[in-house]
Amino acid sequence: MAKDLQCIIVFLERNNSYARKTVKYLPEIIMKELSRITEIFTESVIREMTRICSAAGGYNLAQGFPDFEAPAAIKEAAIKAINENFNQYAVTFGEPELREAISRKAYRYNNISCDPGTDITVTCGATEAMIATLKAIINPGDEFIVFEPFYENYGPDGILSGATPKYVTLYSPDWNYNYDELKKAFSAKTKAIIINTPNNPTGKVFSHKELTEIADLCIKHDVYAVTDEIYEHILYDGARHISIASLNGMEDRTITINSISKTYSVTGWRVGWAIASKEITSRIRKVHDFLTVGAPNPLQHAAASALNYPNEYYNGLQKHYNEARDFLYILLREKGFKPGKPQGAYYMITDISDLMHKLAVDNDTDFCRKLIDKIGVAAVPGSSFYSDPKKGCHYIRFCFCKKWETLHAVEKAFVNL
């Protein structure tokens, strides 16, 4: 690269008087090496598909955000907080009202006891909670375990924290792991395991047996469990959400991450949190302080009100998503896809092997692009959820967190497939 740069500089010096005046600054501008770590991962494929879909004016079943209105009560609570002048910096690690509401709800729903004064950090969404947590517990040379397919942020988060990821496969159609493979992934270098339940993209809900197996391995190898539980209220067919922090021996070695984004349909508000022991929380708070300072003050007060919603709210949420899940599942099967039926969350991963010829493609990325071009429906390439893209090249993921108007429009669009 340096040799090529010198050739460019010589050319400019000989052919442009303005360049001769400014070329002396060129080496400083482009010769210094940029961050090597950013070469290891790409930008978000999910958000890229959203941009492509928006440009095409299509129906976005790629990115997991609702296109229906957020609950009126939570919006009114935010407006009320703004009008009551909660408009300046919040307490860095979270407004007391919200931390107290989180503590109550975690005890009531998750069977987790936590002190709102010392065990909770409010962050700018679960995304920040994850990176702040990993930065708080990871040291150079550590390893962390991730189940794959995985939400695309986990790999880069660990890498940015200085750790090396070890991947354990979840096998379709039930997305179960092989215990021997999981056991083998643990070593003296393992610092943490990331568990996303209910899972994105598969819809898997980890069972009590599975979480107990994971907990036993964590205790044996002195490993932290970092859990992403943002879909905890979106469950189907009698599935039950269990927080691994509630199991014996896991209270002080689990960091439980959550947010209001999915449960209350406010993905743009960016209010999340991490629950951990006092020792871990003190470190998360330090990282959080210098990452973002604090989450939006009025939205924290609105979040506190939402965490006190009655069970009827969550039942209504599940009812809508259950009906939307069944609708999309039937539609995809009728069109030749091979979808799995999720136990939780609002995503559906489907095998496209039998349909690639129809769009004259041989991989998931081209399939998704052709799908937008042909019928205006966006999905996410399955390869973006795997460490080795080849493992996911015959899958794509749809989301169904949409209003009925959108889902029926998608049904009509599929007529042209």
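The values are calculated or read from the model by the stated rules, or taken from the named source; none is laboratory data. In this text, all values refer to a predicted model and were calculated from it rather than measured experimentally. Positions of Cβ are backbone-derived with ideal geometry, glycine not excepted, and every protein chain shown enters the neighbour counts. Surface areas here come from the heavy atoms of the whole protein model, side chains and all, with no ligands, DNA or RNA. Shrake-Rupley method; radii C 1.70, N 1.55, O 1.52, S 1.80 Å.
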| query | If r is the Cβ-Cβ distance from residue 237 to residue 290 and R0 is 56 Å, what FRET efficiency results, to the nearest 0.05? | reply | 0.80
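Excluding residue 376 itself, what net charge comes from residues whose Cβ is under 15 Å from its Cβ, given Lys and Arg +1 and Asp and Glu -1?
On the way: positive: 51, 335, 369, 370, 374, 402, 412; negative: 67, 373, 405, 411.
After counting each charged neighbour, the total is +3.
May I ask you to derive the relative contact order of region 91-224, considering only C-alpha pairs under 8 Å and at least 6 residues apart, and to give it as an integer percent?
Working: 159 pairs, mean separation 25.4, N = 134.
Here the relative contact order equals 19 percent.
Which whole-number percentage describes the relative contact order of region 272-380, with Cα contacts under 8 Å and a sequence gap of 6 or more?
Numbers: 49 pairs, mean separation 11.4, N = 109.
Relative CO of region 272-380 lands at 10 percent.
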| query | For the chain, what class follows from the C-alpha gyration tensor (a ≥ b ≥ c being the square roots of its eigenvalues): rounded when a/c is under 1.5, otherwise prolate if a/b is larger than b/c, else oblate? | reply | rounded
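Heavy-atom accessible area per residue, region 105-240, 1.4 Å probe: how many Å²?
In whole numbers, region 105-240 has 36 Å² accessible per residue.
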| query | If you take the beta carbon distance between residue 68 and residue 366 as r and set R0 to 35 Å, what does 1/(1 + (r/R0)^6) give as a FRET efficiency, to the nearest 0.05? | reply | 0.65
| message | Under the √(5λ) rule applied to the eigenvalues of the Cα gyration tensor, what semi-axes describe the equivalent ellipsoid of region 336-417? Give them in Å, descending. | response | 20, 17, 10
| In nanometres, what is the gap between the two model label sites at residue 32 and residue 52, each 7 Å from Cα along Cα-to-Cβ? | 3.6
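How charged is the neighbourhood of residue 81? Take every other residue with its Cβ under 14 Å from the Cβ of residue 81, and add Lys/Arg as +1 and Asp/Glu as -1. Working shown, then result.
On the way: positive: 75, 80; negative: 76, 84, 95, 97.
Neighbour charge sum, excluding residue 81 itself: -2.
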| note | For the chain, the percent of accessible surface on carbon and sulfur atoms (probe 1.4 angstrom, ligands and nucleic acids excluded) is 52
| query | When ligands, DNA and RNA are left out and all protein chains stay put, how many square angstrom of accessible area per residue does region 360-417 have with a 1.4 Å probe? | reply | 40
| P(r) tail for region 271-409, what percent of Cα pairs lie past 27 Å? | 45
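Can you figure out the FRET efficiency of residue 387 with residue 219, using R₀ = 25 Å and their beta-carbon distance, to the nearest 0.05? All intermediate terms of the calculation are to be shown ahead of the outcome.
Numbers: r = 26 Å, r/R0 = 1.06.
In this case the efficiency is close to 0.40.
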| query | Each label point is 7 Å from the Cα along the Cα-to-Cβ direction; what then is the distance between the points at residue 403 and residue 174, in nm? | reply | 4.0
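Relative contact order (percent) for the chain, with alpha-carbon contacts under 8 angstrom and 6 or more residues of separation?
22
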